[in-house]
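Below: one structure, written as structure tokens.
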Amino acid sequence: MNWLAIAAIYKFEMSRWFRTIGQSVASPVLSTSLYFIVFGAAIGARMGAIDGVAYGAFIIPGLMMLSILNESIGNASFGIYFPKWSGTIFEILSAPVSWGEMLLGYVGAATTKSMLLGALILVTARVFVPYEIAHPFWMLCFLLLTAASFSLFGFLIGIWADSWEKLQTIPMLVITPLTFLGGAFYSIDMLPSPWRELTFFNPVVYLISGFRWSFYGVSDVQIEISLAAILGFLTACILTARWMILSGYRLKR
Amino acid sequence: MAAVMEARACATAEPIVSVRGLTKTYANGFSALKGIDLDIRRGEIFALLGPNGAGKTTLISIICGIVNASSGSVVADGFDNVREFRGARARIGLVPQELHTDAFETVWATCNFSRGLFGFKPNPAHVEQVLKDLSLWDKRNDKIMTLSGGMKRRVLIAKALAHEPSILFLDEPTAGVDVELRHDMWNVVRRLRERGVTIILTTHYIEEAEEMADRVGVILKGEIILVEDKATLMQKLGKRELNLHLCERLESVPEMLADLKLELDAAGTLLIYRFDALSESTGISELLNRLAAQGIGFRDLRTSESTLEEIFVSLVRERA
Ligand SMILES: Nc1ncnc2c1ncn2[C@@H]1O[C@H](COP(=O)(O)OP(=O)(O)O)[C@@H](O)[C@H]1O
Ligand SMILES: [Mg+2]
């Protein structure tokens, strides 16, 4: 195992983030604060509790997921797309670094950033609404699994994208709708049929539901199913990344 | 004497890089390499000489793992560069043709990054020495984007040397580079070689190959058309022409000059003398003396080097 290479890539990616720490942190914190003010305080005051959880608190897990998904994908896709675009990828490709090491470096860094961001949002939320976490261990597990699998997904997008437009369209066109329709702001039970049934094809539903369970002990989906869905997604992403790096898909000519 | 023995030892030793049957067809169907076989000897400076588009960068990129080969194999220091990529790549350093550098990193950080990436423990003293050798020490805390093109090229060399390669590839190292950097670079290259590092450089300047290399390989349209010791090749490449534009027309080459290899053009006003620029005596002063003695005056005199293209063409013909 080339641990020094993993550390080098990880450090490089983290220092890139810290260089623009204001931007990296300010914008997600600001947008979640706005969500809390608008949905939590203004609208939430007129909404009843869902499954016995006050609306302001109910949306916290969903909002965290929303930010984490966006940040994981954005960060990881940029992290690999940029060296591809600027040409500095030559050094990574010519180094004694295996596909797994490459993933650990790039995706590990993106995951760390998302976890830090998640913690920050949790603290911010505290300012607006009181909440408690029923299963802190599982909360961390879900956070880690989500951050890791979507950072991996972002990494795949970064390799796949061959223009800046493509790099930005996927998160915008696919992820944002999926998260909004994934039960961040409502319980799946509140949807009429057939929307409720259709929702179960949305992978994000499983994430948000599982995550919410770790907070409040209530969920739309069975927790085992949520866990299995995330693990399945993670595995699929790892296998795709492995294939892409080994074959040199859109990395090597 | 020692040098001769060393040279012999090199010649018989296992090649440090061995390329067999290498082909590359790009996605657009263009065939950039057509079956390359090449052995690089341990510790030599090898120049890969060829015009633009010959396939030099493609060949180097495949050896270094940046481009996938279509077929064929590369073995570096005993390691297959695909199946045992870790062993092969840990020994290879690459300075690419294009100035692909990070923008926001400092010189110091980017060199240490390279070192780590290739699995080497931090060694500030080594990186410091490399930066000093390349006159980059004063710039170590500067962001790379603030540096000039020449400085960026130095940074790329420093990055490659930071991970102590035993095989170093320099792709067109002096293209668009100032005299000072050329000078620094050749000093660094010589020192590396003294330490036993094998160096492979590509160039489309004959002079560069002549100045540095022990052996030269000529590549043309995706094929290696010859590999020779430099001295042998330079003799082949050293043919020049001296053109004398005469004041008065001549019917034929005068009797008195018949022993010199002279040629007269159809118009009878241009006298052409072919000579070997690398030989001890070119015979030019002899020729001029005898022209003066004959009272043959000339308005203008010019020597022309064969261009690389012409030499390639003649080499191809010779081979056919
Ligand atoms: N990605 C690519 N797709 C198609 N053709 C390419 C690509 N890269 C290089 N070529 C072609 O392959 C040939 C060899 O290129 P290269 O190896 O860069 O030559 P050199 O380094 O000797 O100048 C050139 O004709 C070039 O146009
Ligand atoms: Mg080239």
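The values are calculated or read from the model by the stated rules, or taken from the named source; none is laboratory data. Bear in mind the structure is a predicted one, so any value in this text is a computation, not a measurement. Heads up, the Cβs are rebuilt from the backbone with ideal geometry, glycines too, and the neighbour counts pull from every protein chain shown. Areas reflect the complete protein model, heavy atoms only, side chains present, ligands, DNA and RNA absent. Shrake-Rupley method; radii C 1.70, N 1.55, O 1.52, S 1.80 Å.
A few points about this structure:
- Checklist (1) closer than 30 Å to B:Ile60 by Cα; (2) buried (at least 18 other Cβ atoms within 10 Å of the Cβ); (3) small (Gly, Ala, Ser) applied to A:Ser86, failing item: (2)
- You will find that of A:Leu231, A:Leu239, A:Leu198, the residue that is farther than 30 Å from B:Ala69 by Cβ, without any contact (Cβ under 8 Å) to a residue 12 or more places away in the chain and of a type in the set (A, V, I, L, M) is A:Leu198 and no other.
- Count of the range B:85-104 residues which are within 21 Å of B:Leu192 (Cβ to Cβ), facing chain A (nearest Cβ under 7 Å) and either acidic (Asp, Glu) or within 16 Å of ligand 1 (Cβ to nearest atom) (or both): 2
- Within the set B:Glu223, B:Glu228, B:Glu241, B:Glu251, the sole residue that is loosely packed, with under 14 Cβ neighbours inside 10 Å and either assigned by TED's automatic domain parsing to the domain that holds B:Leu287 or acidic (Asp, Glu) (or both) turns out to be B:Glu251.
- The range B:136-159: number of residues that are in contact with a Pro (Cβ under 9 Å, 6 or more places away or on another chain) and among the charged types (D, E, K, R): 1
- Each residue in the range B:119-176 was checked for being at pLDDT 95 or above, surrounded by fewer than 23 Cβ atoms within 10 Å (Cβ to Cβ) and within 16 Å of ligand 2 (Cβ to nearest atom), and 1 pass.
- Selection count, the range B:176-218, where residues are away from ligand 1 (no atom under 16 Å from the Cβ) and of a type in the set (A, V, I, L, M, F, W, C): 12
- Boolean, A:Ile68 is within 30 Å of B:Phe118 (Cα to Cα), within 22 Å of the chain's Cα centre (by Cα) and more than 14 Å from chain B (Cβ to nearest Cβ): no
- Unique residue being in a helix (DSSP H, G or I) and more than 22 Å from the chain's Cα centre (by Cα) when the list is A:Phe142, A:Phe150, A:Phe90: A:Phe90
- So A:Arg46, is it without any contact (Cβ under 8 Å) to a residue 12 or more places away in the chain and either exposed (fewer than 11 other Cβ atoms within 10 Å of the Cβ) or in contact with a Gly (Cβ under 8 Å, 6 or more places away or on another chain) (or both): yes
- Hey, B:Thr23 more than 16 Å from ligand 2 (Cβ to nearest atom) and β-branched (Val, Ile, Thr) or not: yes
- Only residues that are open to solvent by less than 20 Å² (accessible area, probe 1.4 Å), within 14 Å of chain A (Cβ to nearest Cβ) and either near ligand 1 (Cβ under 7 Å from one of its atoms) or of a type in the set (A, V, I, L, M) (or both) were counted in the range B:41-65, giving 6.
- B:Arg182 being in contact with a strand residue (DSSP E or B) (Cβ under 7 Å, 6 or more places away or on another chain) and either open to solvent by 80 Å² or more (accessible area, probe 1.4 Å) or closer than 30 Å to B:Gly150 by Cβ (or both): no
- Residues of the range B:51-76 satisfying the condition of being more than 9 Å from ligand 2 (Cβ to nearest atom) and at pLDDT below 95: B:Pro51
- Scanning the range A:179-190 for residues that are open to solvent by less than 40 Å² (accessible area, probe 1.4 Å) and free of Cβ contacts under 8 Å to residues at least 60 places away in the same chain returns a single hit, A:Ile188.
- Matching option when the condition is outside any helix (DSSP H, G or I), crowded, with 22+ Cβ neighbours inside 10 Å and aliphatic (A, V, I, L, M), among A:Val107, A:Val97: A:Val97
- Residues within the range B:178-222 that are touching a Pro at 6+ places or on another chain (Cβ under 8 Å), closer than 23 Å to B:Gly35 by Cβ and part of a loop (DSSP other than H, G, I, E, B), tallied: 1
- Residue in the range B:106-118 that is nearest to ligand 2 (Cβ to nearest atom), counting only those that are farther than 25 Å from A:Met1 by Cβ and either touching a strand residue (DSSP E or B) at 6+ places or on another chain (Cβ under 9 Å) or facing another protein chain (nearest Cβ under 8 Å) (or both): B:Val107
- For A:Lys84, the criteria (1) within 14 Å of chain B (Cβ to nearest Cβ); (2) free of Cβ contacts under 8 Å to residues at least 40 places away in the same chain hold in every case but one, which is (2).
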